[in-house]
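Participant: Questions regarding the structure given below will be posed in turn.
The values are calculated or read from the model by the stated rules, or taken from the named source; none is laboratory data. As the structure is a computational prediction, the values presented were derived from the model and not from experiment. Ideal geometry is used to build each Cβ from the backbone, glycine not excepted, and the neighbour counts take in all protein chains shown. All accessible areas refer to the heavy atoms of the entire protein, side chains included, with ligands and DNA or RNA removed. Shrake-Rupley method; radii C 1.70, N 1.55, O 1.52, S 1.80 Å.
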Amino acid sequence: MFADLIRRGLDPATIQLGIMDGLPGLERAFLGAFRKATVQRCQVHKAKNVLVKVRKKDRKVVAEDMRRVVYAGDPLSAKRALERFSTKWKPMYPDAVKCLQRDFEAVTAYLAF
């Protein structure tokens with residue numbers, strides 16, 4: 001699909017960011033075609049992956065705290081928000097915290113733009 005877009009005239013050097021759901025094969029294909037681009041993890045998919053590890057009664061507040069991380073406004077603020085999120089929720093939901101920490105760079109990639 002990406003090669004076809006390039007064959008039809010898309011300049012691969014103009015592509016800066018690709019938003020996708022975390023499928024490794026898709027990311028490899030995208031980065032193979034658009035070598036200068038960055039991958040941004042879909043925040044909706046990541047939120048679902050994190051929140052499934054949280055009890056229903058806590059999901060709303062965990063989601064609010066997670067939004068503070070991914071919509072922080074700049075990379076440093078996002079890193080600080082992740083630290084606060086991790087400190088608050090790791091004792092109760094270590095797997096949820098680990099899930100967000102693992103993909104933090106990909107979930108906040110857009111902040112570099």
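Participant: Considering (1) more than 18 Å from the chain's Cα centre (by Cα); (2) at pLDDT 95 or above; (3) among the basic types (K, R), say which one K98 fails and leave the rest.
Facilitator: (1)
Participant: Looking only at the stretch 9-30, which residues are among the charged types (D, E, K, R), loosely packed, with under 15 Cβ neighbours inside 10 Å and in contact (Cβ under 8 Å) with a residue 12 or more places away in the chain?
Facilitator: D21, the sole residue that qualifies.
Participant: While we're on this one: Restricting to helices (runs of 4 or more DSSP H) lying wholly in the stretch 31-113: which have 2 or more residues that are open to solvent by less than 20 Å² (accessible area, probe 1.4 Å), out of contact with any Gly (no Cβ under 9 Å at 6 or more places or on another chain) and more than 29 Å from M1 (Cβ to Cβ)?
Facilitator: Per the criteria, 59-70, 75-89, 94-102.
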